[in-house]
Number of protein chains: 2
Amino acid sequence: MNTDKRTEIAKLGKFGLIEHLTQGIAPSNKETLLGVGDDAAVLHFNDGEDTLLATKLFMEGINFDLTYFPLEHLGYKVAMATFSSIYAMNGTPKQLTISLAVSKKLCIEDTEDFYEGVKLACKNHNVDIAGTEITASLTGLAISTTVTGTAPKGASVKRSGAKETDLICVTGNLGAAYMGLQLLEREKIATEGYEIQPDFSGKEYILERQLKPEARKEVIERLREENIHPTSMISVTDGLSSELMHICKQSGSGCRIYEERIPIDYQTAVMAEELNLNVITCALNGGDDHELLFTVPIADHEKVAAIKNVHIIGYVVNKDMGLALITRDGVEMELKAQGWVQNNK
Amino acid sequence: MNTDKRTEIAKLGKFGLIEHLTQGIAPSNKETLLGVGDDAAVLHFNDGEDTLLATKLFMEGINFDLTYFPLEHLGYKVAMATFSSIYAMNGTPKQLTISLAVSKKLCIEDTEDFYEGVKLACKNHNVDIAGTEITASLTGLAISTTVTGTAPKGASVKRSGAKETDLICVTGNLGAAYMGLQLLEREKIATEGYEIQPDFSGKEYILERQLKPEARKEVIERLREENIHPTSMISVTDGLSSELMHICKQSGSGCRIYEERIPIDYQTAVMAEELNLNVITCALNGGDDHELLFTVPIADHEKVAAIKNVHIIGYVVNKDMGLALITRDGVEMELKAQGWVQNNK
């Protein structure tokens, strides 16, 4: 929260605040004919494209903790998490609507900070802010976002197209955002009531993954350049295990992934060690990664392996074989939504 | 809240609940290629149409009170209020996304009731449910909605096109939803802690306007049939005064409306009398009407006057003349966002 200057929201009122926050916002995409400021935005999509639509809802105390989450970062993060849904359809995000329910705890300067983050995210990904609502909240902050995007006609990628022998790929690395969260939670407890600043040196990367994640735009662009059409794709929001289950369930398939191939940053590993956590469990189940999980035909092996930040972690198998992780010592463990247990076979 | 049977949401979990609630939902609009169940919905809009996009956020304790608001009605109402934004652009709603943040107070049966209301609203207005998110809430229920719609290319109506001499029209009648709310609040206080049922006989209409409002689809259709193209339009959400101000501000104009022409239902008037409230103030400032306020060229006078449920309440004037209500006894009162005061002139 902003501590330098506090202007109560009541000073501007709902409409005044919306106007203030959205001042100077001008659409930059040709699809956005009319942005904020009316009952609805007016968009125009061309006949050769499909339109994508996704929505998210973030609640204080559940999805974020304002005691350590700077509002500017929060604005950036919710926008990124939302764009991620469009990239996960093999699309390009175009317009974002963002609504806030604000408690008395927050002042105008806080909402400005939040909006700065949203605007920066939109600028970096060339997305237009196309609508904003503000209402009051009796308790915590609630944030709702909706994003539209486009994909060439028929080119959007669902969760349901994975086929046997397809390669399973994941971008970046996993578990880092979760470790960043654990660190923030630990320091919150350790510094509560004291005027001391937590020491985060050597842990910047995992903090950034939690506080300022980046959606994987460049991977989608590289896949297009290489003419690779994923057979299924999903955004890694609730952890790798959970997302693999969605893909396998909706595709009617099973999977094998290799423990040794799961990409993990060394800061993630060090932090897990410090907290006495199993780093693989964290990578499988830690949320908020906003990486992309996708499958490609085995024929694309060489092409996909050459793309920076893409890791082949396993392959799609017959549904009857179930979902499993193969550990470093060759043991097959069944994947569960939370954690994993040794196969009975 | 459902009192017959309570199944905790934890029993199904987030994904199970989303699946349960959206089971059997199949898109009926040709524009909806893929509805719920993936990272994003896939839509296709045709080149001859513009796409409209609007979003809303509803918070328990601020926008609704669950002690007297049945969840099925709430689902219906939030959907209607959202559709209303598309009608207010002269468009047709096509897809709705709806997200809930649910506190422990609510059970699966409650969310089912809520969804029944949403589904009924969607069925009545031929809108597809195209996305759903569920998250937890520490305290009250939060509901976020987004609607997309279409309008023939270039035919959407903004708030900014009102011109001098245009007629100001409003649909249905005003203040009824606000009076329904006052009644519910009064009975809530009166019956609190007692096992008695409030008596609402003779007040069904104002209750329905509060609990189960209807968006003005038919007026939009009639305007099209009559080939009337409104110069500006807005949904009456925060009261007539407030919406007139938006139109006049964005159009750079002023207005004159006549007290005697403001449409008021007799139940609204009776209730205002009972509560010792000025019924015109209620009609000007009561929220939640979900009627349409629009302006048409004076040349369309006869055609618009003949449309059922449309009332001509005044006309657009030069900006310098300001915004005013002309009372029954001919006095000009300046319109304010909340209430109105006598002109100094």
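Every read-out reported here was derived from the displayed coordinates using simple, explicitly stated rules and does not represent laboratory data. Note that the structure is predicted; figures quoted are calculated from it, not measured. Here the Cβ positions follow ideal geometry from the backbone for every residue, glycine too, while neighbour counts run over all protein chains shown.
Just the number, please: percent antiparallel of the DSSP beta bridges in the range B:53-188, rounded to the nearest 5.
Around 65 percent antiparallel, to the nearest 5.
Rank these for me by crowding, B:Arg256, B:Arg224, going from fewest to most other beta carbons within 10 Å.
Ascending Cβ contact count within 10 Å gives the list B:Arg224, B:Arg256.
Mind telling me which of B:Ala88, B:Ala40, B:Ala272 comes out most flexible in a GNM of chain B, alpha-carbon contacts under 10 Å?
Looking only at B:Ala88, B:Ala40, B:Ala272, the largest GNM fluctuation is found for B:Ala40.
Between copies, how far apart are the B:Lys336 label points? List them in nm, one decimal, shortest first, with each point 7 Å from Cα toward Cβ, please?
6.3
Let's see if you can work this out: charge +1 on each Lys and Arg Cβ, -1 on each Asp and Glu Cβ, no other charges. What is the dipole magnitude of the range A:167-342 about its Cα centre, in debye to the nearest 20?
Magnitude of the dipole: close to 540 debye.
State the answer as a single residue: which of B:Leu96, B:His301, B:Asn276 lies farthest towards the positive end of the charge dipole of chain B, with beta carbon charges of +1 for Lys and Arg and -1 for Asp and Glu, about the Cα centre.
Sorting the options by dipole projection puts first B:His301.
How many angstrom separate the Cα center of the range A:1-75 from the Cα center of the range B:56-127?
So the two Cα centres are separated by 21 Å.
Can you give the FRET efficiency to the nearest 0.05 for B:Glu274 and A:Gln23, using r as the Cβ-Cβ distance and R₀ = 51 Å?
0.70
If you count, for every residue in A:57-70, the Cβ atoms of partner chains within 10 Å of its Cβ, what is the mean?
3
Any idea what the B:Thr7 label distances to the other copies are, label 7 Å down the Cα→Cβ vector, nm, shortest first?
Result, one decimal in nm: 5.1.
For a label point 7 angstrom out from the Cα of A:Lys336 toward its Cβ, which stretches of the range A:267-296 have the backbone nitrogen within less than 16 Å?
Once the point is set 7 Å along Cα→Cβ of A:Lys336, A:278, A:280-286 turn out to lie under 16 Å by backbone N, inside the range A:267-296.
Could you tell me whether chain A comes out rounded, prolate or oblate from its Cα gyration tensor? Rule is a ≥ b ≥ c as square roots of the eigenvalues, rounded for a/c under 1.5, then prolate if a/b exceeds b/c, otherwise oblate.
Here chain A falls in the oblate category.
Just add up the charged neighbours of A:Thr327: K/R +1, D/E -1, any other residue whose Cβ is under 14 Å from the Cβ of A:Thr327.
With Lys, Arg at +1 and Asp, Glu at -1, the neighbours total -2.
State which entries of B:Lys77/B:Lys119; A:Lys56/A:Lys77; A:Lys56/A:Lys104; A:Lys77/A:Lys158 exceed 20 angstrom in Cα-Cα distance in the structure shown.
Violating the 20 Å limit, Cα to Cα: A:Lys56/A:Lys104; A:Lys77/A:Lys158.
Just for the Cα atoms in the range A:9-152, what are the lengths along the principal axes, largest first, rounded to whole Å?
Computed over the Cα atoms, the extents are 47, 28, 23 Å.
Less than 13 Å Cβ to Cβ from A:Glu208, Lys/Arg counted +1 and Asp/Glu -1: what total charge do the surrounding residues give?
-1
Among A:Thr146, B:Thr191, which comes first, then next, by fewest other beta-carbon atoms within 10 Å?
Ordered by Cβ neighbours within 10 Å, fewest first: B:Thr191, A:Thr146.
Out of residues 5 or more away from A:His44 or on other chains, whose amide H comes under 5 Å of its own, with H placed 1.01 Å from N in the peptide plane?
Under 5 Å from the amide H of A:His44 lie the amide H atoms of A:Thr32, A:Leu33, B:Thr51, each far enough along the sequence or on another chain.
List the chymotrypsin sites (Phe, Trp or Tyr not before Pro) in the range A:183-288 that DSSP assigns to loop (not H, G, I, E or B) and whose Cβ has at most 11 other Cβ atoms within 10 Å. Which are they?
A:Tyr194
Measuring from a point 7 Å out along Cα→Cβ, what nm distances, shortest first, does B:Ala305 have to its partners in the other copies?
8.1
In square nanometres, what is the average projected area of the Cα convex hull of the protein assembly as shown?
Convex hull of Cα atoms, orientation-averaged projection: 33.0 nm².
Net charge around A:Arg159, counting only other residues with Cβ within less than 14 Å of its Cβ (Lys, Arg = +1; Asp, Glu = -1)?
Local charge sum for A:Arg159: -3.
Which listed residue (B:Ile108, B:Ala215, B:Thr191) has the Cα farthest towards the positive end of the charge dipole for chain B, taking +1 on Lys and Arg C-beta and -1 on Asp and Glu C-beta about the Cα centre?
Looking along the dipole axis, the top candidate is B:Ala215.
Taking chain A as a Gaussian network, where each spring joins two C-alpha atoms under 10 Å apart, which residue of A:Val270, A:Val296, A:Val147 fluctuates the most?
Among A:Val270, A:Val296, A:Val147, the largest GNM mean-square fluctuation belongs to A:Val270.
Under 18 Å from a point 7 Å along the Cα-to-Cβ line of B:Lys105: which residues of the range B:1-37 have their amide N that close?
B:1-10
Count the DSSP beta bridges whose two residues both fall in the protein assembly as shown, then state the antiparallel fraction as a percent rounded to the nearest 5.
80 percent
Defining a contact as two alpha carbons under 8 Å apart and six or more residues distant in sequence, what relative contact order in percent does chain A show?
Relative contact order, chain A: 21 percent.
How would you rank A:Lys30, A:Lys217, going from fewest to most other Cβ atoms within 10 Å of each one's own Cβ?
Listed from fewest to most nearby Cβ atoms, that is A:Lys30, A:Lys217.
Roughly speaking, what is the centre-to-centre gap between the range A:308-325 and the range A:129-192 when only Cα atoms are used, to the nearest Å?
Their Cα centres are 22 Å away from one another.
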